[in-house]
Each structure stands twice: as C-alpha cells, then as structure tokens.
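Read-outs throughout are calculated quantities, based only on the coordinates presented, and are distinct from any laboratory measurement. Just so it is clear, the model here is predicted, and its values are computed rather than measured. Positions of Cβ are generated from backbone atoms using ideal geometry, with glycine treated the same way; all protein chains shown enter the neighbour counts.
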Amino acid sequence: MGAGGEDILLSQVARRSLPLSIECKCVERLNVWQSLEQASSNAASAHETPCLVFARNRSEAYAVLPWEHVLQLYKGGKHCDDVDRLRLLAQEMCTILNHSEERDAKHAGVDETPL
C-alpha cells in the first residue's frame, strides 16, 4: 500500500495553473470505480477536481476527468488558458508512470526492453 492522499503533489503556483487532484495507477487490472472513488476522496480534501491517470505495461497512459471538465478543455474554459502547461503535466505523468513500470519490472525480474 502506498501513502494516502494525492499521488502528485503540486506547489501552490502549479495548483493555480492546474487545479487537479491526481491519482495515478499503474496496474494490469484496474477497478475504475474504486479508483475514481479514491481520486474523488482525495480531491474533496484538496478542494480540487479529481483526475485518475492510469496505465499498464506496454500501454499508453490515460486520464479520466469529470465530463464537465473535459468539455471545459475543448471550449477553452477558465482552467485551460495555457495548453502548454497541460502538455507539460501530461509528459511528466507519463515519465512518472514509465519509471514506476521500470521499477516494478526490476523488482519482478522482468525485462522491459521492447521487442
């Protein structure tokens, strides 16, 4: 079990730019509803929007946001005035998930080298 609370801790400046509470999962099988409940619980204590980011071995990372916030992204809503910041965060989350996969593979003795 990991530590409780948000998986990615943002500074106050980052939080103003990206008001999300991020829960990350890197597992082969994901209980989406349980993970969303955890993300929502963390978000409530942080007073932010829940965001679930998940991936599995040899797979892209995906993010789940409440539908209203997805629509804001496409409409250029109040939280999305700097798309470059969102891209940078997405790249950082992918890096974190990739490092997590590599660490897990080393502990399991699995070679993660692409074929």
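May I ask for the net charge around LEU52, where only other residues with Cβ less than 15 Å from the Cβ of LEU52 are counted and Lys, Arg are +1 while Asp, Glu are -1? All intermediate terms of the calculation are to be shown ahead of the outcome.
Details: positive: LYS25, ARG29, ARG56; negative: GLU6, ASP7, GLU23, GLU37, GLU48, GLU60.
Net charge around LEU52: -3.
Just to confirm a number: summing +1 for Lys and Arg and -1 for Asp and Glu over residues other than SER35 whose beta-carbon lies under 10 angstrom from that of SER35, what do you get?
On the way: positive: LYS25; negative: GLU23, GLU37.
Residues near SER35 contribute -1 overall.
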